[in-house]
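Participant: This is the structure, below, for whatever I ask next.
The values are calculated or read from the model by the stated rules, or taken from the named source; none is laboratory data. Keep in mind it's a predicted model, so treat the numbers as computed, not measured. Glycine gets a Cβ as well: all are built from the backbone with ideal geometry, and neighbour counts include every protein chain shown.
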Amino acid sequence: MPCYYVDRFDGIVVFDDVGVELPDLNAARDYVRAVLTDMMNAESRIGEARCRAAVRDASGRRVLEASLVLTMSTEAPAAA
C-alpha cells in the first residue's frame, strides 16, 4: 500500500516523518478531511481559524493540499 505523509499547518508547522499507508489518493483525501476536521475542532481561538494540510507521496512529491477557514462573528443583542 502506498505511504502518504501529511504535513500540517495551523500556526505551527508539523512535518510528517512517519506517514500513513492508504490504498490510494481517494483514501488520502478522506484521511486529510478527517485530519483537518480534528485540527479545526482543536482550535480554541474565537474569531478566525485556519488549518491547512499538504500530502506528499513516498517520493516527496506533493500530491494534495487542502485547507479550512472558519470565521465567526457575533452581533450585539437587539435592544429590548
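Participant: From the list Val63, Val32, Val55, exactly one residue is in contact with a Leu (Cβ under 7 Å, 6 or more places away or on another chain), modelled with pLDDT of 80 or more, in a helix (DSSP H, G or I) and surrounded by 10 or more Cβ atoms within 10 Å (Cβ to Cβ). Which is it?
Facilitator: That would be Val32, the only listed residue that is in contact with a Leu (Cβ under 7 Å, 6 or more places away or on another chain), modelled with pLDDT of 80 or more, in a helix (DSSP H, G or I) and surrounded by 10 or more Cβ atoms within 10 Å (Cβ to Cβ).
Participant: Moving on. Residues Val69, Val14, Val18: which one is exposed (fewer than 11 other Cβ atoms within 10 Å of the Cβ) and more than 18 Å from Pro2 (Cα to Cα)?
Facilitator: The match here is Val69.
Participant: Kindly list, by first and then second residue, each pair from a residue in segment 59-72 that is hydrophobic (A, V, I, L, M, F, W, C) to a residue that is in a strand (DSSP E or B), limited to pairs with Cβ atoms under 6 Å and residues at least 6 apart or on different chains.
Facilitator: Taking only residues 6 or more apart or on different chains, the pairs are Val63/Val55; Leu64/Val55; Ala66/Ala53; Leu68/Cys51; Val69/Arg50; Leu70/Ala49.
Participant: Quickly run through segment 2-29 and pick out the residues that are at pLDDT 95 or above and of a type in the set (Asp, Glu).
Facilitator: Within segment 2-29, Asp7, Asp16, Asp17, Glu21, Asp24 qualify.
Participant: While we're here: Quick check on segment 15-36: of everything there that is among the β-branched types (Val, Ile, Thr) and in contact (Cβ under 8 Å) with a residue 24 or more places away in the chain, which residue is nearest to Ala58 (Cα to Cα)?
Facilitator: Looking at the filtered set, the residue picked out is Val32.
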